[in-house]
Structure formats: structure tokens, C-alpha cells
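There's a structure below that I have some questions on.
The values are calculated or read from the model by the stated rules, or taken from the named source; none is laboratory data. This is a predicted model, so every value here is computed, not measured. Here the Cβ positions follow ideal geometry from the backbone for every residue, glycine too, while neighbour counts run over all protein chains shown.
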Amino acid sequence: MAAALFANVLFSSGFVLEKRALSSLPGLDIRRPARAVRLLLGSPLWLGGSLALAGGFVAQLVVYRTLPMTVAQALFISGLVLLLLLSSRALGERTSSRERWAMVAIVVALLMVVLSLDESAEPIGRHSPYALILLLSGLSLGAGIWVYVVADRRDARLVDLTRSTSGVLYGVAVGFVYGVSSLAIKGLSAYLDPHDLTGTLAAVLTSPYPYLLLVTGATGLVLSQTALQRCRASLVVPVCTTTSCLFTATLGSLAFGESLPHDPLRLTLRVAGAALAIVVLLTLPTSEQPSPEKELSHEPR
């Protein structure tokens with residue numbers, strides 16, 4: 001739990017630093033990934049945010065070795081509260097009353113999932129068939145890219161109507177990509193043995209997990225940074241985090257053999273908590289009136 005909370009601090013701080021850096025960079029375009037990467041690597045502030053995010057992923061390895069995936073994801077969602085505070089203080093972003101109620105509902109969903117935990121009866125999964133992981137990863141990456149393309153085209157149409165996307169669709173798309181990263185980190189956590197570094201390295205390199213991390217890292221880098229530059233971090237990141245956590249807690253738990261609680265009350269709490277989070281995502285507005293600053297700074301794409 002301490003590692004999960006530490007990961008939340010690193011993730012929230014990293015996203016805020018990246019968002020501040022992106023505000024001073026030229027417009028990023030997913031159709032020009034090499035240019036986007038060059039611009040990002042040239043920003044010291046963005047590099048600092050990326051290092052914080054990398055530290056968060058390392059902390060996740062500890063979490064996945066000691067907690068079931070469902071509980072781990074619930075703890076990661078709790079970081080949304082810290083992110084909203086940081087985005088308000090450091091970025092000056094303001095959330096609507098509807099969005100604040102949505103965040104409250106997500107916290108309630110988190111509490112329901114945590115209360116459903118039965119540590120004595122829930123095993124921690126270690127391994128999953130590679131074919132199943134690759135299938136889930138391929139479907140998730142395909143879905144994420146498709147949703148992002150739809151959001152990108154919708155954003156272009158909304159600009160002509162003097163509106164802009166709220167970032168919900170972008171967040172869902174990036175959440176699918178980072179859901180695959182969570183599966184890969186979970187898989188890698190089973191091979192870590194500090195007493196046998198040679199064996200650990202051999203096992204890791206012969207598994208699909210490091211290569212999935214490379215793919216999702218490159219894809220998520222361009223997609224997430226473009227989304228953060230266009231939309232509010234206080235909406236993109238919570239939607240991304242919730243989507244990724246739901247994906248990992250449901251399909252990931254099944255893939256790694258972590259069964260749902262057998263107790264009817266605990267099962268109801270977990271299923272209801274996941275359902276509540278999904279409903280919240282579906283009810284969030286997907287477009288908004290742009291602020292004067294955003295409207296003036298918006299570049300034609």
C-alpha cells in the first residue's frame with residue numbers, strides 16, 4: 001500500500017510537470033511522431049515529469065508482487081484526488097461541478113472495491129499464457145488507436161463549431177494503451193528475483209512483456225502528450241487512469257487467474273464499484289466551450 005501511494009505521488013507530479021512543459025511547446029501532431037518526440041526531449045521540465053512517471057512504474061512492480069490486481073488498481077485510482085489538487089494549484093485548471101461530482105463518485109467506487117478485499121481468500125496471480133496476453137494487448141491497442149482517431153477527427157469538427165473536446169475520448173484511448181502497460185508490468189513482477197539477476201534477465205527477455213512495454217511506451221508517449229497539450233490534465237488523466245484501472249482489474253485479473261470474491265457481499269461491492277466507475281465515464285461531457293486562452297492558442301491541424 002505504501003508503494004501504491006508513492007506511485008500515486010510520482011504519477012500525479014509527473015503529469016503536472018509534463019502539462020506545464022507542454023503549454024510552452026509548439027502544437028504536437030500524432031501524424032508527425034518524430035517531430036513530437038524531438039520537441040519533448042528538448043524540454044528539461046518535460047524530462048523531469050517523465051522521470052517521475054518512470055519512478056511510478058517502478059513502484060508498480062512492488063505493488064503487483066504483493067497485492068491482487070483489483071485492489072492495486074483501486075489504490076491507484078485514489079491518486080486522482082492528489083492530481084486534481086495539483087492541477088488546480090499548479091496549472092490553474094478549474095473543474096465544473098459535474099466533473100467534481102464525477103470524481104466523488106469515482107472515489108466511492110474505489111471504496112467499494114477496497115471493502116470487497118478478502119486477503120485470506122484472494123490469491124495473487126503470477127503468470128498468464130502468453131497467447132492470451134498478446135490477444136488482450138492487441139485488442140486493447142487497436143481499440144485505443146481507433147478511439148483516438150475518432151476523437152482527433154471529432155476535435156477538428158468541433159473547432160469549426162467554436163467548441164473543443166473535453167478530453168474524455170482522448171483519456172479513454174490512452175487508458176487502453178496504458179492498460180496494456182499494466183499487464184506487462186504485472187507479468188514482469190513475477191520474474192523479479194534479486195537473488196538471481198542472471199535468471200531474472202533471461203526470463204524477462206524471453207517473455208513478451210518488455211517488448212509490450214516498448215510498444216505501449218512509444219505509442220502512449222505520442223498519444224498522451226498530444227492529448228495533454230490539447231485538453232485539461234484534470235480531465236484527461238482521471239479518465240485515462242480509470243479506464244486503465246478498469247481494464248486491468250477486470251481482464252487482467254482474469255488473465256492472471258485472480259478470481260472474484262466468493263462471498264456474495266464482497267462480490268456485489270466489487271462488481272458495483274466497477275460498474276459505477278464505468279457509468280461515471282459514460283456520463284462525462286465529451287465537448288466544452290474553450291477558454292479564451294485555449295481558443296487563441298489553438299493551432300490549425
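Only one of 89, 38, 98 is charged (D, E, K, R) and at pLDDT 80 or above; which? Explain how you work it out, then say what you get.
Details: 89 fails: at pLDDT 80 or above; 98 fails: at pLDDT 80 or above.
The unique qualifying residue is 38.
Still on this structure: Could you tell me whether the stretch 41-61 includes any residue that is modelled with pLDDT of 85 or more, touching an Asp or Glu at 6+ places or on another chain (Cβ under 6 Å) and part of a helix (DSSP H, G or I)?
yes
Enumerate the pairs (first residue in the stretch 249-269 and touching a residue at least 12 places away in the same chain (Cβ under 8 Å) and part of a helix (DSSP H, G or I); second residue anywhere and among the small types (Gly, Ala, Ser) and surrounded by 15 or more Cβ atoms within 10 Å (Cβ to Cβ)) with beta-carbon separation below 6 Å, excluding pairs fewer than 6 apart on the same chain, so at least 6 apart or on different chains.
255/128; 266/116; 269/116
With the requirement that a residue be touching a helix residue (DSSP H, G or I) at 6+ places or on another chain (Cβ under 7 Å) and surrounded by fewer than 16 Cβ atoms within 10 Å (Cβ to Cβ), what does the stretch 6-26 give you? Spell out how you get there, then give the answer.
Keep residues of the stretch 6-26 that are touching a helix residue (DSSP H, G or I) at 6+ places or on another chain (Cβ under 7 Å), which gives 6-22, 25-26.
Across the stretch 6-26, the qualifying residue is only 26.
Every residue in the stretch 69-93 that is in contact with a Phe, Trp or Tyr (Cβ under 9 Å, 6 or more places away or on another chain) and either part of a loop (DSSP other than H, G, I, E, B) or among the hydroxyl-bearing types (Ser, Thr, Tyr) (or both), please.
87 - this is the single residue of the stretch 69-93 that is in contact with a Phe, Trp or Tyr (Cβ under 9 Å, 6 or more places away or on another chain) and either part of a loop (DSSP other than H, G, I, E, B) or among the hydroxyl-bearing types (Ser, Thr, Tyr) (or both).
Please verify whether the stretch 25-34 includes one or more residues that are under 18 Å from the mean Cα position of the chain (by Cα) and either modelled with pLDDT of 75 or more or on the phi > 0 side of the Ramachandran plot (or both). Quick ask: steps written out before the conclusion?
Initially, the stretch 25-34 is screened for residues under 18 Å from the mean Cα position of the chain (by Cα), giving none.
No - not one qualifying residue is present in the stretch 25-34.
Run residue 96 past the list (1) within 17 Å of residue 240 (Cα to Cα); (2) exposed (fewer than 14 other Cβ atoms within 10 Å of the Cβ); (3) of a type in the set (S, T, N, Q) and report the number of the one that doesn't hold.
Only one criterion is unmet by residue 96, namely (1).
Is it true that residue 20 is basic (Lys, Arg), touching a Ser or Thr at 6+ places or on another chain (Cβ under 7 Å) and either under 30 Å from residue 110 (Cα atoms) or touching a residue at least 60 places away in the same chain (Cβ under 8 Å) (or both)? Lay out the reasoning, then the answer.
Numbers: basic (Lys, Arg): yes; touching a Ser or Thr at 6+ places or on another chain (Cβ under 7 Å): no; either under 30 Å from residue 110 (Cα atoms) or touching a residue at least 60 places away in the same chain (Cβ under 8 Å) (or both): yes.
Taking the combined requirement at face value, the residue does not satisfy it.
Hey, can you tell me all the residues within the stretch 242-273 that are crowded, with 21+ Cβ neighbours inside 10 Å and among the small types (Gly, Ala, Ser)?
244, 249, 252, 253, 255, 273
Quick one: residue 105 ticks every box in (1) at pLDDT 80 or above; (2) within 16 Å of the chain's Cα centre (by Cα) except a single one, so which number is it?
Condition not satisfied by residue 105: (2).
Please tell me if residue 301 is basic (Lys, Arg), out of contact with any strand residue (DSSP E or B) (no Cβ under 9 Å at 6 or more places or on another chain), over 28 Å from residue 85 (Cβ atoms) and modelled with pLDDT of 80 or more.
Working: basic (Lys, Arg): yes; out of contact with any strand residue (DSSP E or B) (no Cβ under 9 Å at 6 or more places or on another chain): yes; over 28 Å from residue 85 (Cβ atoms): yes; modelled with pLDDT of 80 or more: no.
It is false that residue 301 is basic (Lys, Arg), out of contact with any strand residue (DSSP E or B) (no Cβ under 9 Å at 6 or more places or on another chain), over 28 Å from residue 85 (Cβ atoms) and modelled with pLDDT of 80 or more.
For the stretch 4-24, how many residues meet the condition of being of a type in the set (Gly, Ala, Ser) and either closer than 19 Å to residue 219 by Cα or more than 17 Å from the chain's Cα centre (by Cα) (or both)?
Pass one, the stretch 4-24, residues of a type in the set (Gly, Ala, Ser): 4, 7, 12-14, 21, 23-24.
When the remaining residues are screened for being either closer than 19 Å to residue 219 by Cα or more than 17 Å from the chain's Cα centre (by Cα) (or both), the result is 14, 21, 23-24.
Looking only at that region, the number is 4.
Same structure, new question: Run down 80, 158, 141 and say which single residue is within 17 Å of the chain's Cα centre (by Cα), of a type outside the set (Phe, Trp, Tyr) and modelled with pLDDT under 75.
Values: 158 fails: within 17 Å of the chain's Cα centre (by Cα); 141 fails: modelled with pLDDT under 75.
None of the other options fit; the residue is 80.
Across the stretch 51-66, which residue is surrounded by the most Cβ atoms within 10 Å (Cβ to Cβ) among those that are touching a Leu at 6+ places or on another chain (Cβ under 8 Å) and not β-branched (Val, Ile, Thr)?
So the first thing to find is which residues in the stretch 51-66 are touching a Leu at 6+ places or on another chain (Cβ under 8 Å), and the list is 52-53, 55-56, 59, 61, 63, 65.
Cutting the leftovers down to not β-branched (Val, Ile, Thr) gives us 52-53, 55-56, 59, 61, 65.
Numbers: 52: 19, 53: 18, 55: 17, 56: 23, 59: 19, 61: 15, 65: 16.
Selected residue: 56.
Same structure again: So which of 199, 179 ends up being over 23 Å from the mean Cα position of the chain (by Cα) and either part of a helix (DSSP H, G or I) or more than 26 Å from residue 241 (Cα to Cα) (or both)?
On the way: 179 fails: over 23 Å from the mean Cα position of the chain (by Cα).
Just one listed residue meets the conditions, 199.
Within the stretch 241-283, track down each residue that is among the basic types (Lys, Arg) and in contact with a helix residue (DSSP H, G or I) (Cβ under 7 Å, 6 or more places away or on another chain).
If we filter the stretch 241-283 for residues that are among the basic types (Lys, Arg), which is where we start, we get 266, 270.
Hit for the stretch 241-283 is 270, nothing else.
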